[in-house]
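So the structure is just underneath, and the comments pick up after that.
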Amino acid sequence: MDASCLAHRLTEQERQQFNEAGFLQIENALSPAQIAALTEVTDRTYEAKVQQGHDPHTALFYPNFLPDSDLFADLVDYAPILPKVWGILGWNIYLYHAHLIVTPPSGKPQDNKTFGWHQDSGRVNAEIESHPRPRLSLKVAYFLSDTSEPGRGNFWIIPGSHLCDTLERPADGVGQPEGAIPVLAKPGTAVFFDRRLWHTASPNWSNITRKILFYGYGYRWIRTKDDMTVQSLWERSDPIRRQMLGWGVNCNGHFSPSDEDVPLRVWLREHSPEEAK
């Protein structure tokens, strides 16, 4: 990892935004060339899934997409983004979940039905005894299509709701919870969000196909949320990327890591000691 990535460390203003609102939006995280290249490979992936039987009129939720292209794998330790991830979670982290979403136009008229609001991590929210629930993980969403206007299958959030264990939804199933807003993001934007943030997808009422790549980072003692068959990438990855892809010396190293388990900490000791603690 090049030390120049430290220019992208989490600022105090960004930390405050993330802690208080539960999300952080970074515009122009991807260059136009990256957007074009990632869109091309995403389109190929989508077409392959359609050929395999996916209904082209419905959204594609495709986990474990990283082995499909080096362009996808390159975002695992992407220099403008990873320093902000470790700035929030610390150094004992890895990519526990990733999924690609392509949402074609629904072809349906816009309505006002309540969306599928949720927090991430499933049973974690019922089985951990704490209030508020622990952060544990975050996701970074890279927007490849233009969702800078509402109605384009936008990702919706309720800022500040990551500190709320419950959510009051409209009883009649009409409208959205109080404080809900669509995330308006141009292509190339990266949006960080706390797994506890109440959020949802929404229908795509536009004529633009929505395309987003999600990268979920969590502590190394958290199990993977999908198959994550990324072991084939270990041999050609540098040590820090291998850590992000789940490599470790042994199982105990996920709980009590040695330096060999967490090369990110070793690197931080040399380049940013205050973050290696």
| query | For the range 196-224, what are the residues that are of a type in the set (Lys, Arg) and under 9 Å from the mean Cα position of the chain (by Cα)? | reply | none
| Can you tell me how many residues in the range 2-54 are among the aliphatic types (A, V, I, L, M) and more than 18 Å from the chain's Cα centre (by Cα)? | 9
| Unique match (being of a type in the set (Gly, Ala, Ser), in contact (Cβ under 8 Å) with a residue 12 or more places away in the chain and buried (at least 19 other Cβ atoms within 10 Å of the Cβ)) among Ser272, Ser202 | Ser202
| note | Within the range 51-69, the residues that are out of contact with any Lys or Arg (no Cβ under 9 Å at 6 or more places or on another chain) and either of a type in the set (S, T, N, Q) or without any contact (Cβ under 8 Å) to a residue 24 or more places away in the chain (or both) are Gln51, Gln52, Gly53, His54, Asp55, Thr58, Asn64
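Yes or no, residue by residue, for (1) free of Cβ contacts under 8 Å to residues at least 40 places away in the same chain; (2) aromatic (Phe, Trp, Tyr); (3) in contact with a strand residue (DSSP E or B) (Cβ under 6 Å, 6 or more places away or on another chain):
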position: Lys113; (1), (2), (3): no, no, no
position: His118; (1), (2), (3): no, no, no
position: Pro132; (1), (2), (3): no, no, no
position: Phe155; (1), (2), (3): no, yes, no
position: Gly175; (1), (2), (3): no, no, no
position: Glu178; (1), (2), (3): yes, no, no
position: Leu184; (1), (2), (3): yes, no, no
position: Thr189; (1), (2), (3): no, no, yes
position: Phe193; (1), (2), (3): no, yes, yes
| Got at least one residue in the range 5-24 being at positive phi, in contact with a Lys or Arg (Cβ under 8 Å, 6 or more places away or on another chain), of a type outside the set (A, V, I, L, M) and not in a helix (DSSP H, G or I)? | yes
| said: Go through (1) in contact (Cβ under 8 Å) with a residue 12 or more places away in the chain; (2) within 18 Å of Thr189 (Cβ to Cβ) for Asp74 and report which single condition fails. | reply: (1)
| field | So Val85, is it in a helix (DSSP H, G or I) and among the aliphatic types (A, V, I, L, M) | value | yes
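Considering only residues that are part of a loop (DSSP other than H, G, I, E, B) and loosely packed, with under 15 Cβ neighbours inside 10 Å, which ones fall in the range 49-73?
Across the range 49-73, the qualifying residues are Gln52, Gly53, Asp55, Pro56, His57, Thr58.
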| remark: Lys139 vs (1) in a loop (DSSP other than H, G, I, E, B); (2) touching a Phe, Trp or Tyr at 6+ places or on another chain (Cβ under 6 Å); (3) under 27 Å from Asn92 (Cβ atoms): all pass except (1)
| Is it the case that Asp120 is within 30 Å of Val174 (Cβ to Cβ), buried (at least 18 other Cβ atoms within 10 Å of the Cβ) and modelled with pLDDT of 95 or more? | yes
| said: Step by step: first the residues of the range 1-48, then only those that are farther than 23 Å from Ala59 by Cβ and without any contact (Cβ under 8 Å) to a residue 40 or more places away in the chain, then the one that is surrounded by the most Cβ atoms within 10 Å (Cβ to Cβ). Which residue is that? | reply: Gln17
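The values are calculated or read from the model by the stated rules, or taken from the named source; none is laboratory data. Owing to the predicted nature of the structure, the values given are computational and were not obtained by experimental measurement. Using ideal geometry, Cβ is built from the backbone for each residue, glycine included, and neighbour counts are taken over all protein chains shown.
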